Amino acid sequence: MNLSFQILSDQFLLNFSYLWLIVIATTIGIIIGAMPGFGSANTIIMLLPFTLAVDVDVAMIFMVSLFVASHMGGGITSILLNIPGNGGSAATCLDGYPMARKGLGQQALVLSFVASTVGGMVTALLSIFLLPYIARLAFYMHSVEMVVILLFGITLIASVASDNMLKGLIAGFLGLLIGAIGADHIYSTPRGTFGFIELYDGVPLIAVLIGVFAISEALIMMENSSVLSDAGRQMMKQAGWKETWEGVVMSFQRTWHMIWTGIIGLIIGIVPGAGASIAAFVAYQQSRLYSKTPEKYGTGIPEGVIAPESANNGCASGDLIPLLVIGVPGGTTAAVMLIVMTYHGVQLGPRLFIQNPGLGYGVFITMLVAYAVMLFTTLPLTKYVSKLVLIPTPVLAPIIIAFTLVGAFAPRGYMFDLWLTLIFGAIGYVCRKTGFNVVALLIGVILGPMLEANVMRALRISGNDPWVFVSSPVGNVLWVALAVSLAIPSIVQWRRNRAASRAATA
Amino acid sequence: MTNMFNRRHVLFAGAGALAASLAPAARATGAFPDKPLQVLIPTGEGGGVDQAARAFNRIWAKYLGANFEYSYFPGASGQVGYEVFISKRPADAYNILFGNIGPEMIMYATQKVKYKYPEDFVYLGSMDVDDSVIWVGSGSKFKTIQEMVDEGKKREITLSTSRLPHPSTIGALALAEATGMKVRMIPYGGGGPARSAAITGEVDGCATFLSSSLGLGDQARFLTVFNETNRAPELTNNAPPVNAALGTKIPPMSGQRAIAIHAKAVEAYPDRVKKLSDTFQQVFSDPDYKAVAEKAGTPWEFIQYGDAASCQKSAREFVELADRYRALLTATK
């Protein structure tokens, strides 16, 4: 892979000459990222007439900018309204929304934007300089390894449900059951679909996201006059530029946190089929695991916003690596980019970096420039966007319901999805009222199907030999790490109890 | 790499593209079509069918006098798309389905579907013939199909595939039956992950359509082609046809991308359907089509017009093949 200073400088110059286009693309990306039901893949498909008509470099600048911006935008509604714009920002709700309720919405938004930027930039830089080595990771991350990584994410159910373990586990189990609806991964035999063809491809994630989060949250909102606590409302009214600066300081006090959670996202993103939602949940779980104050997660702490946001933007870098290096798209947006690149006659895979290294590395340069642009366009907006939560809930809640129902309908155009969303809204509302954790339910819905697919595939490859799960060196290392991560909280708790009892007897 | 495109070019190109996509191009050619055709694709966006459909329709629009709007309904090996097309799309000839006869008729034969062929839909015409192949990653120890067969007699060979109901799956199973090798097909739910699994060495090789793997370059070593001749030897390291290499008698296992329409539309709107058929055929003699088809990744050697009768013959052959291998393609074994 022929990387030179000349290529990088040419690419920076090219990107700076299209700064206006990057501003447009990132603005669109942030807006669609924040809207549940609208994603970068749908948007890029709608804009194919444009990307097919212009030069491939210009098309890539536009698509890559829009793609990374959509990852950044997802956090906005997660933080302010407890409504994730997409699966990748669902984990951001865990601490982002509690921060907003405390009147720290502006700081939380800044944390989200800075973490997205740092996570995205660091992983883009790593991708530029270590591309051949990073791409090799895909050769070691097969179904068995993915099973373990997914289990990291699924163990988060126990963590988020620590207030009431039994109810949390029930919610998580219900989520796993819902995730099992649809055609099976080997023979396409429908299960639990009740004959509805709309469920053959599984329960649509958007309907679950919007129902469980947006609709149920809007119903809860209507029971109060404001999203904010009284103290939080006072703080938000007085908020100015100082809070933006506070958010920036908070972020850079946790620079290493932003970097390592971004790298988790990068590694997970490289695996074709894995996505930002796994990356965000695993990063959150790891962040909580290695925290000195894990009990504060879920109450609104900066690390709980940084980890998922940095990871899902790191994942955006990783997502494009299989497309560029081996010519296989890692996700839907990458598949649409493949259409454009193929149309323009671009040879993907190793030859790309021999025949047209500028285009290959240019993708990551575009990411760097797009993140830099977004930081300057988004940070000043946090002061104003965060005021959204001051809107009285009798006005806000109906708007949320109306907009998100459009989002539920848009991806597939089924009326069925609207009804399904409302059903999940009712389920979410009942869960919230009765103390069942909706995030635990969502983790089951998102990660369950992926876990099943990878388990089934690993078993089929091995001829149904269960020992396959401990047959790979990389997988075994991950199993040990998983066991350690499960044991650490108990060990820490035991040591704390012992120290406390010693202190009491002393 | 070029920096010659300036802001004005981009704006013109964007405005032109937008105008083209919005223009009511049908005005001059009569009553049908007077609005865009709705194209339903039963696989994911960005996949092989999507790329081929978009390339084809770019030229077809000139003759048909209408533009196209796309929707995607992947799931259950294409069943979701067909069910939606039959049960939810009006039978007015404005709604067409762009699919692949081979995999989707095998799916029809092996899964419990709610529609009937040819009572509910028919294929109007096909646009290419894409052969099934088996290839391995560049790091694989298999240099020839004979080596793979020999190894397959000692242990089970794993081959990735996008979905079990697929001509390449039947090809691999027929190969196993004919040679005594053992093969296990591993469905990955999509062409991309299936190709990735073979390149990264999770499985021994990949069974798929040829055109979807041509972009992989040196990362893929083609071992055999399931047809009587290899129509693209220079793109496939001159891989031998399976029967020539192994002395077997396996029938061609090819996919044909094709458009389908409601059977009711054929009865109710014969004029519309005739116009669709006639203009569909005109595309193949348009010199511009070669350029856009190749840009979309389909070698020109694969482009081949097939009329409704040949599509029907092919569809029935795949149903028969699927019946023969039903036990291996479904959970009944």
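No value in this document is a laboratory result; all are computed from the given coordinates. Worth saying up front: this structure is predicted, and the values here are computed from it rather than measured. Quick reminder, even Gly has a Cβ in these numbers, built from the backbone with ideal geometry, and neighbours come from all protein chains shown.
Here are a few things to note about the model shown:
- Note on B:K249 and B:E156: the extension gain reaches 31.3 nm, defined as 0.36 nm multiplied by sequence separation minus the Cα-Cα distance.
- Nearest-0.05 FRET efficiency for B:A178 and A:R136, computed from C-beta distance (R0 25 Å): 0.10
- Cα-based shape type of the stretch A:346-476, given that a ≥ b ≥ c are square roots of the gyration tensor eigenvalues and the cut on a/c is 1.5: oblate
- Among the helices of chain B, none built from whole DSSP H runs has Cα atoms reaching 27 Å or more along its own axis together with a mean Kyte-Doolittle hydropathy of at least -1.0.
- The protein assembly as shown gives an Rg/Rh value of 0.97, both radii derived from C-alpha positions and Rh following Kirkwood.
- Of all complete DSSP H helices in chain A, those with a Cα span along the helix axis of 27 Å or greater and a mean Kyte-Doolittle hydropathy of 1.6 or more are A:56-81.
- Among B:C206, A:C93, A:C431, the order by Cβ neighbours within 10 angstrom, fewest to most, reads A:C431, A:C93, B:C206.
- Furthest towards positive pole of dipole, B:V113, B:S126, B:I170, structure part chain B, Cβ charges: B:V113
- Fewest-first ordering of A:Y384, A:Y429 by other beta carbons within 10 Å of each residue's beta carbon gives A:Y384, A:Y429.
- Computed E for B:K114/A:M415 - FRET, C-beta separation, R0 30 angstrom, nearest 0.05: 0.95
- The per residue volume of the convex hull around the alpha-carbon atoms of chain B is 141 Å³.
- Ratio Rg/Rh, restricted to the stretch A:1-116 and using Cα atoms, in which Rh is the Kirkwood radius: 1.08
- Whether the stretch B:147-207 is rounded, prolate or oblate, judged on the alpha carbon gyration tensor where a/c under 1.5 counts as rounded: oblate
- For A:P350, the shell of other residues with beta-carbons less than 15 Å away shows a net charge of +3, using +1 for Lys and Arg and -1 for Asp and Glu.
- Sites A:V249 and A:W20, calculated FRET efficiency, Cβ-Cβ separation with R0 45 Å, nearest 0.05: 0.90
- Modelled label positions at A:L166 and B:F284, each set 7 Å beyond Cα in the direction of Cβ, lie 7.0 nm from each other.
- In the stretch B:131-246, the alpha-carbon atoms span a convex hull of 82 Å³ per residue.
- Put in order of Cβ neighbour count within 10 Å, fewest first, the listed residues A:H257, B:H166 become A:H257, B:H166.
- Unit Cα scatterers, Debye sum, the stretch A:244-349: log10 I(q)/I(0) for q = 0.12, 0.18, 0.21 Å⁻¹: -0.47, -0.80, -0.96
- With Cα atoms defining each centre, the stretch A:250-299 and the stretch B:211-279 are spaced 45 Å apart in the structure.
- Approximate spin-label separation A:V492-A:N476, in nm, with each point projected 7 Å along Cα-to-Cβ: 2.9
- Calculated SAXS-style log₁₀ I(q)/I(0) at q = 0.12, 0.13, 0.14 Å⁻¹ - the stretch A:5-471, Debye, Cα scatterers: -1.01, -1.20, -1.39
- Electrostatic dipole magnitude of the protein assembly as shown [Cβ: Lys, Arg +1; Asp, Glu -1; Cα centre; debye, to 20]: 1580
- Shape call, the stretch A:321-421: gyration tensor on alpha carbons, a/c limit 1.5: oblate
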